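Chemist: Dropping a structure here in structure tokens format, bear with me for questions.
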Amino acid sequence: MKKLPLIMMGLLIFSLVPYVESASVGKASIDQVMLSLGESVTFGDYKIQFADIDQAWTQALIKVYAKDGSLVTSKVLPTGYSLSVPDNDNPLFYVRLAWILRSNQKILISLESELELVEGDVQINKNDAYNLPYKFNDVVIPAIKVKVTNTYENKANVRIVLPYETITATIFEGDHYAVPYKLTSDFQYFPYLYLYLKNATTSYAVFDVYLPKYPTTVFQLGEGGAGGTTPSAPGAEPTELVYNDIMYEGENLIIDINGTEYALGLNTVGYYSSFTLFDKDNNPLKSFEVKKGTGYELSEAPLVVELINYESEYKRAYLRVYAPRGTEVAPIVRDPKIEVSVSTSSTELLLNDELLVFINVENSGRGRADNVNVVASIPTGFELGSEIGTWSLDTLNPFTEMPVLVYLLKPTQVGKYELGPVVVKYYDERGIEREVDSGNPLSITVYAIPKLSVTGEAFNGTWGTYVHTQEKT
């Protein structure tokens, strides 16, 4: 086996920079490409090769070649670091070293490309279609069509026609839909097409359309080995991505590896996040820290934990966990915390005035709420003037709130009335229907419009500089 020369290690000191995500809408990736030493994978006009490894199997040399065989770029990478292709100034995509599997002498890489705007403010009328351009960034892309089958005030139904299948979806205003592109039976480019719904009416919808900056669908594994495939028989190597989601401080992820159960606990969240691995009897096996953008391979169990990102404000981390094939991970079920409040423009008004009512609905819990519906009654003595806002929502994610709901009431008679409570019905992550209200009703008073008159009267029948009254109101 080749060893890295000393000059290469010196090069590492100057060129090793972790990949930093941009402020774009995200990136598309082809994950879990497995290569043995010397093997390569073709991606568009480039060939990516696992060229060399150091003696300790902690850093790999990645080389990228052009179609004519010339070397485009190369870099020595430890786990979690990326190589920009063709260069750092204007990268089309990145080669990220996801993990080094020392025991079977392979590496896992991901090919990642930032999503870029193809066309903004694309208006598609109901029953019309939009065809993606023939080329994007000088790369020929497959024929993909987006047809709008129905539109509403806040959402649109779309049919996405790919060369090999048709996908239907409903996209809500202010949300997106991500479409993968199947490259082989084992690999996909995800998300390849990214549709963001900016505006929806009953007759048309307006989208921003995104594709990867390098939108090629040419993908082929090198010959002469098991590159790009996963071992067919279950083994003890952590090669399968079994968890790719968030965890909160204090949570445990239950992992069953071929009948042996473990619990991975997240202790603290930060640039260095702290974890503890427990056995089935809750005995701690190992406590360890993972730096953002890197991974940690456990010797106590065939597990790899990668810390992708973290949010200190919500005490949560974005993780990838790798384990042997056949591993089962129990989903973490979290509870939403729905809070609803009501306020008004006034609590006292005249009969010919109008009353504005504001409703705020927020999920301050860690769990997701589905099929959220807001119900507000019209009190006696009032009639509905108008309403603004969406009174139902498919999903209310943790630490988010619905747009403020506003409606107008007009009083029809004088008196004292009670407004509310407002009721919110939803389903938690277990599928159980829940209900919460805004609490005590608000007291509203409606007054009649007074009619006032003033009269003056001269006393003693004489007029002077002043007018005197005889104790009359």
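Rule-based calculations on the coordinates, nothing more; no lab input. All of these numbers come straight from a predicted model, not from anything done at the bench. Note that each Cβ is placed from the backbone with ideal geometry, even for glycine, and that neighbours are counted across all protein chains shown.
Chemist: Identify which of the listed values of Cα Rg over 2.2 N^0.38 Å was calculated from the structure shown: (1) 1.02; (2) 0.93; (3) 1.39.
Modeler: (3)
Chemist: When the helix-only estimate is applied to the chain (DSSP H runs of n ≥ 4, each -39,500 (n - 2.57), divided by the residue count), what is the mean residue ellipticity at 222 nm, nearest 500 deg cm²/dmol?
Modeler: Numbers: 1 runs with 10 residues, N = 473.
Taking each H run of at least 4 residues, the total per residue is -500 deg cm²/dmol.
Chemist: Multiply the residue separation of residue 90 and residue 261 by 0.36 nm, subtract the distance between their alpha-carbon atoms, and state the gained length in nm to one decimal.
Modeler: Net length gain for the segment: 57.0 nm.
Chemist: Set Lys and Arg Cβ to +1 and Asp and Glu Cβ to -1, take the dipole of the chain about its Cα centre, and tell me which of 427, 414, 238 lies farthest positive.
Modeler: Result: 238, furthest along the dipole toward the positive end.
Chemist: Taking 32 Å as the cut-off for C-alpha to C-alpha distance, list the pairs among 67/106; 291/425; 106/213 that go past it.
Modeler: 291/425
Chemist: Calculate, in nm to one decimal, what residue 416 and residue 337 gain on full extension: separation in residues at 0.36 nm each, minus their alpha carbon distance.
Modeler: So the extension gain works out to 25.2 nm.
Chemist: Along the charge dipole of the chain, Cβ charges K/R +1 and D/E -1, which of 77, 99, 210 sits furthest on the positive end?
Modeler: Projecting each Cα onto the dipole axis, the largest value belongs to 77.
Chemist: Also: So between residue 140 and residue 182, what do we pick up on full extension, going 0.36 nm a residue minus the alpha carbon distance?
Modeler: This chain segment gains 13.5 nm when fully extended.
Chemist: Taking the simple approach of a point 7 Å from Cα along Cα-to-Cβ for both residue 169 and residue 117, what is their distance in nm?
Modeler: In this crude spin-label approximation the distance works out to 1.9 nm.
Chemist: Would you list which aspartates and glutamates come within 18 Å of residue 410, measuring only between C-alpha atoms, while excluding same-chain residues fewer than 8 positions from it?
Modeler: Correct list for residue 410: 348, 353, 354, 383, 387, 418.
Chemist: To the nearest 20 debye, what charge dipole does region 262-336 have about its Cα centre, counting +1 at the Cβ of each Lys and Arg and -1 at the Cβ of each Asp and Glu? Intermediate results must be reported in sequence, preceding the final value.
Modeler: Values: 9 positive and 10 negative charges, 32 e Å.
Result for region 262-336 is approximately 160 debye, rounded to the nearest 20.
Chemist: So which chymotrypsin sites (Phe, Trp or Tyr not before Pro) in region 92-190 are both in a DSSP loop and have at most 11 other Cβ atoms within 10 Å of their Cβ?
Modeler: Details: sites: 93, 94, 99, 130, 134, 136, 152, 164, 172, 177, 181, 187, 189; in loops: 134, 152, 164, 187.
Those that pass, being in a loop and sparsely packed, are 134, 164.
Chemist: Explain nothing, just the number: relative contact order of the chain, from Cα pairs under 8 Å at least 6 residues apart, as a whole percent.
Modeler: So the answer I get is 9 percent.
Chemist: If I fit a long axis through the Cα atoms of helix 6-15 and take the longest principal axis of the Cα atoms of the chain, what angle between them do I get, 0 to 90°, rounded to 10?
Modeler: Here the helix axis deviates by roughly 10 degrees.
Chemist: Identify all lysines with a Cα-Cα distance to residue 155 below 17 Å; exclude those on the same chain that are fewer than 8 residues away in sequence.
Modeler: Cα-Cα hits under 17 Å: 126, 147, 198.
Chemist: With unit charges on the beta carbon (Lys/Arg positive, Asp/Glu negative), name the residue among 440, 288, 397 whose Cα is farthest towards the positive pole of the charge dipole of the chain.
Modeler: With unit charges placed on the Cβ atoms, the residue in question is 288.
Chemist: In debye, nearest 20: dipole of the chain around its Cα centre with unit charges on the Cβ of K, R (+) and D, E (-)?
Modeler: My answer is approximately 880 debye.
Chemist: Quick one: 3J(HN,Hα) in Hz for region 63-68, Karplus 6.51/-1.76/1.60 with θ = phi - 60°, rounded, Gly and Pro as x.
Modeler: Coupling constants for region 63-68: 10, 10, 10, 7, 4, 7 Hz.
Chemist: Rounded to the nearest 0.05, what FRET efficiency do residue 127 and residue 397 have when you use their Cβ-Cβ distance and R0 = 41 Å?
Modeler: Details: r = 32 Å, r/R0 = 0.77.
So, using R0 = 41 Å, E works out to roughly 0.85.
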